[in-house]
Amino acid sequence: PEVASHSAQYAFNTKEVNKRIIYIKGLEDKNIVDATLFFHEDCYYLFFGEKENSHTVLKLWLSSSPFGIFKPHPMSPIAFSPSDARMGGKLLNLSLGRIIRFGQNNSGEYGESLSVMQILKLSQTKYEEKQIGNIRIDNFKGPHTIDFNKDLSKILIDYYSDKFSLL
């Protein structure tokens, strides 16, 4: 769950009655935003922003296990821009080793659109990406997050419009 406003990031098993909380080791003292875990070449990578600057700075940490101790990637932070630093959904691992990262474009207003970033290098010592496109919806703000099912036959996006309502 998104808990940056009041806690360090944690996970729990939704099937457990008592929902035992498991904090991310190495990040117990940080309030992180839009944490996104990605497994690649025997390593777990955690992409996230910190509460105070999540719209402009993207961090990358790594661990040998999702329950191991996470440490900063040597090239972290990996993005410094309101146009793509905040995560906009899980990473997409396409055929031929092509990895896509979605970043929220908050350079104008919150959730303006998504920047589509191709990760060119991802290893325990290297990180490189480039923007290859963007996704926007005409006459709306957004999307600012995107998700896919396993076989990519369904896509979930969110969007909004600025309208006043008494409700």
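Any idea of the accessible area per residue across the chain, 1.4 Å probe, to the nearest Å²?
Computed with neighbouring chains in place, this is 60 Å² per residue.
Taking the stretch 39-167, how many lysine pairs are there with alpha carbons less than 23 Å apart, if each pair must be eight or more places apart or span two chains?
Qualifying lysine pairs in the stretch 39-167: 21.
Scan around Asn105 for amide H atoms under 5 Å from its own, H built in the peptide plane at 1.01 Å from N, and keep only partners 5 or more places away or cross-chain.
Distant-sequence amide H within range of Asn105: Glu112, Ser113, Leu114, Ser115.
If you roll a 1.4 angstrom probe over the protein chains with everything in place, what fraction of the accessible area of the chain belongs to carbon and sulfur, to the nearest %?
Exposed carbon and sulfur together represent 53 percent of the surface.
What does the C-alpha gyration tensor say about the overall shape of the stretch 1-53? Classify as rounded when a/c is under 1.5, otherwise prolate if a/b is larger than b/c, or oblate.
oblate
Could the peptides 68-77, 49-58 be put in order, highest first, of the mean number of other beta-carbon atoms found within 10 Å of their residues?
Packing proxy ranking, top to bottom: 49-58, 68-77.
Cα centroid distance between the stretch 107-161 and the stretch 1-55, in Å?
Each part reduced to its Cα centre gives a spacing of 20 Å.
Taking H placed 1.01 Å from N in the peptide plane, check which residues at least 5 places from Val33 or on another chain put their amide H under 5 Å from its amide H.
Excluding prolines and chain starts, which carry no amide H, the hits are Gly49, Glu50, Lys51.
With contacts defined as alpha carbon pairs under 8 Å and 6 or more residues apart, what's the relative contact order of the stretch 26-125 in percent?
Once divided by the residue count of the stretch 26-125, the mean separation gives 21 percent.
Which of the peptides 117-124, 85-92, 129-136 is most tightly packed, and how do the rest follow, judged by the mean count of other Cβ atoms within 10 Å per residue?
Ranking, from highest mean packing down: 85-92, 117-124, 129-136.
May I ask you to derive the relative contact order of the chain, considering only C-alpha pairs under 8 Å and at least 6 residues apart, and to give it as an integer percent?
This gives 13 percent for the chain.
The values are calculated or read from the model by the stated rules, or taken from the named source; none is laboratory data. Given the structure is predicted, the values throughout are model-derived calculations rather than measurements. Cβ: placed from backbone, ideal geometry, glycine included. Neighbour counts: every protein chain shown. The protein model used for the area step is the full one, side chains on, heavy atoms only, and it has no ligands, DNA or RNA in it. Shrake-Rupley method; radii C 1.70, N 1.55, O 1.52, S 1.80 Å.
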